[in-house]
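Please read the structure below before turning to the comments.
Rule-based calculations on the coordinates, nothing more; no lab input. Just so we're clear, the structure is a prediction, and the values are computed from it rather than from any experiment. Every residue, glycine as well, gets a Cβ built from its backbone with ideal geometry; the counts of neighbours run over all protein chains shown.
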Amino acid sequence: MAGPLEFAPAIAALPFVSFVIALFFGRYMPKKGALAGITATGGSLLLAVWTYFAVMGNGEPHTEHLHTLVSVAEPFSLELGILIDQLSALMLLIVTLISFLVFVFSLGYMNDEGETGLPRYYAGLSLFSFSMLSFVMASNLFMAFMFFELVGLCSYLLIGFWFREDAPPSAAKKAFIVTRFGDYFFLIGVVGILATFGTSAFIGTGGTESFPALAEHALTGSADHVHTFGFDPQTWFTILALLVLGGVMGKSAQFPLHTWLPDAMEGPTPVSALIHAATMVAAGVYLVARMYGFYALSPTALAIIAFVGGFTALFAATMGVVKREIKQVLAYSTISQYGYMMLALGAGGYVAGVFHLTTHAVFKALLFLGAGAVIVAMHHDEDMWKMGGLKNELPVTYYTFLAGSLALAGIIPFSGFWSKDEVLYEALRLGLNDPVFMAAYAMGLIAVFFTGFYTFRMVFLTFHGEPRTNIAESPHQYGWNMKAPLVVLGALAVVVGLINMAPLAKLTGMDLTYLHHWFEHGGELLTVEHYHHLLTEVSGVHHVESSTGLMLGSGALSLGLALAGVAVAHVLYNVPSPEEHTDKLGSIKTVLFNNYYQDEYQVWLAEGLTANVARAANTFDQGVIDGAVNGVSSVSLFAGERVRKVQTGVVTNYAALLTAGLVVLLVAMGLLGGWF
Amino acid sequence: MIAAKYYLLLSAAVFCIGLFGILTRRNALIFLMSIELMLNAANINLVAFSAQHGNLSGQVFSLFTMALAAAEVAVGIGIILVLYRNFDDVDVTTATTMRW
Amino acid sequence: MTDPVSAALGLGGYQPLVPALLLGVTALLVLLVDTIWPNEQSNTLLATVTIAGSLASLLVAGAQLFLSPEAATLFDGQLIVDGMSLFFTVIFTSVTALVALASHDYIAERPNQGEYYALVVLAATGMTLLASANSLVTAFVSLELASLPSYALVAYLKDNRGSAEGSLKYLLIGGLSSAVFLYGISLVYAVTGTLKLTEIATVLDAGIDGSLTGVLGIGIVMILGGVAFKTASVPFHFWAPEAYEGAPAPIAGFLSSASKAAGFVLAFRVFLTAFPTSAVAGVDWVLAFEVLALITMTLGTFAAATQEEVKRMLAYSSIAHAGYALIALGALTGAADRLLVGAGMLHLLVYGFMNTGAFLFIALAEQWGIGRRFEDFNGLAKEAPVACTAMSLFLVSLAGLPFGGGFVSKYFLLLGTVLSSSYLLAAALIVNSALSVYIYARVIKAMWIEDPVPGRTIEEYPTGLYAAVVVAAVVTVLLLPGLALFTDPAQLASNALF
């Protein structure tokens, strides 16, 4: 049957076609390649929707073998193939939707603003969509790695789009190098997995088994065909899982490899929305979900994922509190939100993690596009302290941005609430049995408060109060092509949480956890039940029993904290002129604030706490992490400087060194071989 | 018949004399001569062990080697001439414009 | 072993040698042309003859490689033509054709063109014979046939100090190394009484007097020294930076690609055929190669990192790549030997194109007279986008990023080290490749991102050089899917040698 699944390769192929068109013919086209991109991603979107319903219809995963790259019978072969199941169908839908909207938005952000080099921009964007979609459909880890690298390249090209300025090229390089650092571990992991299992397939086809299944067999009994290099299988699988995790942490900007993401904001804002918020950064999390059957076998790896996720969520949220630029706030918030997803996956909450991935993609893309609209309105000034009062001038942007912010802050009933609540609930259920997860949960919970605060600090500074500059008084207006994507995403940000309303389901007894049911279907080794089985039976990870009280308590707690954050932001910043207000506040409560409120850098919790914590985190970030990166390179250069001095230019010295080298080699070999 | 090890010692001595010349002399021509000495050290071995093993391949090879040594000197002299034209000297340590 | 060409020529039993013979005849033809028309107008004719000859040789070698993979021995086992020798002949002849094409523009205004082309083709003949050498005699003779023309070629720019100096250093270190090599051969002959590789293996397999192990060991290590010279490996690498920097850029490309590959084919042939690890228990040459590989790639990379001149940076990077290829011999533990040797061969094939291409780009820059330092390349992409795109491709492929064949061959090498549990080599390969990304990125950054050097105008776009650079770039890129999709290194190596 030539059903929609037969057309699955076209989902990725269409953007590739538009890449070629934009690259070679873009300059001759009226919109410089934008229309090709819109058509292609629109087509992909339709196909993705069709695919989604087809998957819903037949329930079974669809696999297709495309090409064998290297067939070395011994020890393995490298293949290209397609795997469409519940997870990838959902992800395809997200990626094609956001890509499509970002292309439309770019018409306003790039074309109408008269940018040059547009064919390059649209070619990059199309190539990215192609790579990302191929990554999502990959049927094995090797292919996933290939496209993982390709999206990294696109990210590099697009961050450095304005390459004539100083900051973007260096930000692009930083992004490339930092993620590449993680990818080296990933590459070793891929080689390790191939060497161990002889396959890197995510799903078993035609007699061959997937590598998670082989790993499961190795742990539960027969370890045939699995070569663990002398390690205990459990230990070895943990090592492999952690190696792959290196790539994940780089791509999904998890501590300590997150430093590139804030710098990546130097790229055009639609790029930030597509790549650095909704899709590419999600690649890491998606990869963990994709091979969850493997991660579920290693309690150690899970604990590390959860802990790193929780820590990143808190760490990034505190830094978001002190940023001046609107996109910087969003960047740190992105890091923080991906921390939540990692926390969920680490805590065994497969559905929760993917759920948060879905909602976050929608509302964060919305926020970035909204920020882009604001930036256009402000004539490309991103400083929030120069904005203010934009609410009346830009109503569409304001209300959609508000919807996104409510979702990000986790306020009921916006989408972020449902997913973040579920993440925390899963972590809590595991945390009650295991202190490591409890710590991760606690960090995630505290971060909720900061999230509420920085989100609404941003909203109030940008849209409320009095305009603080002339530009803010009469901002630049823009057309439908920027408003339409905002409206679509704004509507989605409100409702997308309804796909999995676990607390409400518990309370009313109705069956509202649609996403959960969605993942109960699919290949027999790719369902949420199977993962649950692995967690409990093989890894011995147990959640405490789910109960209505616990669930509602957890939800109320996180909602309460989020509201508290919003409230604090409201008190401090939702005033005509925030600076004056904090000044006044400072003079009244001298003890608390110590008259320190000179500028926005000092936030409400006195210099003793938040600002210092945030600054310390910032210092640590820029001093230690960046310092280590710089240190390695200067050590290398210094060593290189030494090494090249060996080459003195005098040929007699060369002869002497050559002879000395030969003698050393002879003596060493002689001693080893026992010639004397 | 002289024992094989003496040939080895002789050739090693010639080889080392050649090497010593390379390491201590700065004149390019003497450098070339020293290389000739080292090549001839190998020839001593080849001829001596050809007799020792009772086959001729070593001796034939040493003839080839001599021809090649001559060819190497021909090219070498040409290059030393070019060196002299550029640096007005045949001291191998004067040509140090490129280093590090 | 028959192929249509040689059958038509009625070459009898010498058919397998046709590629080498073609090259030799081409060299003579070039000299003949130069004798008949001893003036500079014959540059085009000379280049045409050279290119036609090397392409013909390439075609025959390629056809033989595909049609009849069995080995043929000639002259009582002195020469062998098998998969390995044909594979390397393909590398040598491709590089020769590219270099000749580029040289047409490079030496258009210079004297002694006939000698230039003749020497290039003679060196290529020597390399092709070296790939077929099956005894230490033929190995040494063909090694010299490859080396002597190279010394002269480096000195081709007679009135240039760098050229003279580089050539002198190359000659002196080369002479010293060939003396060491020959002395090693004489010691091996002293122990085994034969010079044929297969017979040496037979004698060693049967076991030798324990007191002779030392003599044999010294001999093997000295032969290793000769190999290390030709491949520009530490500590025999000292000639390389200067010779490459001083030589005319096409010759630098020729030496660093083809000549290096010749060194490796010698190493593969001699060590794998004559000294199988099982037969020489007391001489752990695999370990020696492992140490050399580690030091060579690290030294090359680190020294390249701090260079100020692009050409010299490429010279050091070429040393680093010798280190990568040495992995093929340094990681032989029996677990993945065929994969490793095949990966090494593939790396040299890719390297033949990407590195030659990079040096030809330098030749282009020298033609334009834009200087050698990194700053001199600033903003060059504005004026020469095609050439700069090609150069960027060479560089990313050299770095091992997945835009060129360099990615695949490095990947196979890494795979081989992992499968043979040589984790130290794997780690060194990864670390050095990572550092090399930075090194190569400097050039790309200068070309594409920096502001152009004021007042620089490029007036001519030499066709031959451009064509050579573009061909090299296209092949480099095509090798990525080509190797990834169609090549199996283990299979290649077992056809070649095992």
(request) Could you tell me, in Å, what Rg and Dmax come out for the Cα atoms of segment A:243-321? (result) 13.3, 41
(request) Would you mind giving the mean number of other chain beta-carbons within 10 Å of the Cβ of each residue in B:40-49, as a whole number? (result) 5
(message) Between C:Thr73 and B:Leu56, what's the calculated FRET efficiency when r is the beta-carbon distance and R0 is 22 Å? Round to 0.05.
(response) 0.65
(message) Apply the Karplus curve 6.51 cos²θ - 1.76 cosθ + 1.60, θ = phi - 60°, to the phi angles in segment A:537-544 and return the couplings in whole Hz, x for Gly and Pro.
(response) 7, 8, 8, x, 9, 10, 8, 6
(request) Treating the Cα atoms of chain A as identical point scatterers in vacuum, please give the log10 of the normalised Debye intensity I(q)/I(0) at q = 0.05, 0.06, 0.11 Å⁻¹, two decimals. (result) -0.25, -0.35, -1.10
(request) Rounded to the nearest 0.05, what FRET efficiency do A:Asp511 and A:Arg27 give with R0 = 45 Å and r taken as the Cβ-Cβ distance? Could you check? (result) 0.25
(request) Please sort C:288-295, A:494-501, A:363-370 by packing, taking for each peptide the average over its residues of neighbouring beta carbons within 10 angstrom, highest first. (result) A:363-370, C:288-295, A:494-501
(message) Compute the helix-to-body angle for C:43-67: its Cα long axis versus the longest principal axis of chain C, expressed 0 to 90° and rounded to tens.
(response) 40 degrees
(message) Run the reach check for C:Lys158 against aspartates and glutamates, Cα to Cα strictly under 19 Å, same-chain hits fewer than 8 apart removed. What comes back?
(response) B:Glu72, B:Asp88, B:Asp89, B:Asp91, C:Glu40, C:Asp105, C:Glu109, C:Glu115, C:Glu242, C:Glu245, C:Glu366
(request) Relative to the longest principal axis of the C-alpha atoms of chain B, give the angle of the C-alpha long axis of helix B:57-87, reported between 0 and 90° and rounded to the nearest 10°. (result) 10 degrees
(message) For C:Tyr156, A:Tyr398, A:Tyr338, which order do you get if you count the other beta carbons within 10 Å of each Cβ and list the fewest first?
(response) A:Tyr398, C:Tyr156, A:Tyr338
(message) Taking 2.2 N^0.38 Å as the expected size of a compact globular protein, what ratio does the Cα radius of gyration of the protein assembly as shown give against it, to two decimals?
(response) 1.03
(request) Would you kindly derive the ³J(HN,Hα) couplings of segment B:7-18 from the backbone phi angles with the Karplus curve 6.51 cos²θ - 1.76 cosθ + 1.60 (θ = phi - 60°), listing them in order in whole Hz, with x for Gly and Pro? (result) 4, 4, 5, 4, 5, 4, 5, 4, 4, 5, 4, x
(request) Please give the average number of partner chain Cβ atoms lying within 10 Å of the Cβ of each residue in B:17-26, rounded to a whole number. (result) 4
(request) Would you mind giving the mean number of other chain beta-carbons within 10 Å of the Cβ of each residue in B:53-66, as a whole number? (result) 4
(message) Let me check against my output: what whole-number percent is the relative contact order of chain A, with C-alpha pairs under 8 Å and at least 6 apart?
(response) 12 percent
(request) For the pairs A:Lys173/A:Lys323; A:Lys323/A:Lys386; A:Lys327/A:Lys386; A:Lys251/C:Lys382; A:Lys32/A:Lys391; C:Lys260/C:Lys410, note any where the Cα-Cα span goes beyond 21 Å. (result) A:Lys173/A:Lys323; A:Lys251/C:Lys382; A:Lys32/A:Lys391
(request) Compute the length gained on full extension between A:Leu66 and A:Thr208: take 0.36 nm times their separation in residues and subtract their Cα-Cα distance, giving the result in nm to one decimal. (result) 49.5 nm
(message) Order these by the 10 Å Cβ neighbour count, fewest first: C:Ser233, A:Ser547, C:Ser436, A:Ser539.
(response) A:Ser547, A:Ser539, C:Ser436, C:Ser233
(message) If each residue of separation counts as 0.36 nm, what is the full-extension length gain between A:Thr619 and A:Ala167 once their alpha-carbon separation is subtracted?
(response) 160.7 nm
(request) Please report C:Leu32, A:Leu489, C:Leu419 as a ranked list, fewest other C-beta atoms within 10 angstrom at the top and most at the bottom. (result) C:Leu32, C:Leu419, A:Leu489
(request) Could you grab the relative contact order for segment C:296-362? Cα pairs under 8 Å, six or more apart, rounded to a whole percent. (result) 29 percent
(request) Could you please tell me the mean projected area of the C-alpha convex hull for chain C, averaged over all directions and given in square nanometres to one decimal? (result) 21.4 nm²
(request) Between B:Gly78, B:Gly58, B:Gly21, find the one with the highest GNM mean-square fluctuation for chain B; connect C-alpha pairs within less than 10 Å. (result) B:Gly78
(request) Of all alpha-carbon pairs in segment C:15-124, indicate the percentage at a distance above 23 angstrom. (result) 31 percent
(request) State, to one decimal in nm², a quarter of the convex hull surface area for the C-alpha atoms of segment B:4-87, i.e. the direction-averaged projected area. (result) 5.5 nm²
(message) Whole-Hz ³J(HN,Hα) for each residue in segment C:229-243, computed from phi via Karplus 6.51 cos²θ - 1.76 cosθ + 1.60 with θ = phi - 60°, x for glycine and proline: what do you get?
(response) 4, 5, 8, 6, 9, 4, x, 9, 8, 4, 5, 4, x, 6, 5
(message) Test of understanding: what is the full-extension gain from A:Val17 to A:Asn470, defined as 0.36 nm times their sequence separation minus their Cα-Cα distance?
(response) 158.6 nm
(message) Relative contact order for chain C: what percent, with Cα pairs under 8 Å and sequence separation of 6 or more?
(response) 15 percent
(message) Tell me the angle of helix B:28-53 to the major Cα principal axis of chain B, expressed in degrees between 0 and 90 and rounded to the nearest ten.
(response) 10 degrees
(request) Using a cut-off of under 11 Å, list every residue of segment C:119-145 whose amide N is near the label point 7 Å from the Cα of B:Phe64 along the Cα-to-beta-carbon line. (result) C:130, C:133-145
(message) Can you give me the distance in nm between label points at A:Glu641 and B:Arg85, each placed 7 Å from the Cα along the Cα-to-Cβ direction?
(response) 4.0 nm
(request) Compute the Kirkwood hydrodynamic radius of segment C:166-309, taking the inverse of the mean of 1/r over all pairs of distinct Cα atoms, and give it in Å to one decimal. (result) 16.1 Å
(request) Take the alpha carbon gyration tensor of segment C:304-498, find the square roots of its eigenvalues, order them as a ≥ b ≥ c, and report rounded if a/c is under 1.5; if not, report prolate when a/b exceeds b/c, else oblate. (result) prolate
(request) Give the calculated FRET efficiency between C:Asp159 and B:Cys16 to the nearest 0.05, with a Förster radius of 30 Å applied to their Cβ-Cβ distance. (result) 0.20
